[in-house]
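> One structure is given below, represented as structure tokens, and several questions about it will come after.
Quick note: the coordinates plus some simple rules give every number you see, no bench work behind them. All of these numbers come straight from a predicted model, not from anything done at the bench. For neighbour counting, all protein chains shown are included, and Cβ atoms are generated from backbone atoms with ideal geometry for every residue, glycine included.
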Amino acid sequence: MRVVSALLAISLVASAAVGRAQTLEGAIDFHAHAAPDGTPRKLDALELAAMAKAAGMRAIVLKNHYGPTASLAYLVRKAVPGIE
């Protein structure tokens, strides 16, 4: 997650400078932890999805060590259209 978070941050800076970063265009993060979770997280699921969409990513797969994420994923898709 730290690597992906760093890539997203770099991509967002690059996006601001030259439009949209090409490195994450269409990418899928298959293992993303976000708040709410049993462990403190830097971003919540909505913030993470918005950042991923802004970077041109196609999707994120929300993970949680302590509970299911299907209902959270449903709400994130409604709140951030265009990200799966």
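> Please specify each residue of region 47-71 satisfying the condition of being assigned to a helix (DSSP H, G or I) and either under 27 Å from T23 (Cα atoms) or in contact with a Gly (Cβ under 6 Å, 6 or more places away or on another chain) (or both).
E47, L48, A49, A50, M51, A52, K53, A54, listed by residue number.
> Quick check on region 48-60. Is at least one of its residues more than 19 Å from E84 (Cβ to Cβ) and of a type in the set (V, I, T)?
no
> Within region 24-53, track down each residue that is under 16 Å from P68 (Cα atoms) and of a type in the set (D, E).
D37, D44
> If you take the residues in region 72-84 that are farther than 18 Å from T23 by Cβ and among the hydrophobic types (A, V, I, L, M, F, W, C), which one is surrounded by the most Cβ atoms within 10 Å (Cβ to Cβ)?
Checking each candidate, the answer is V76.
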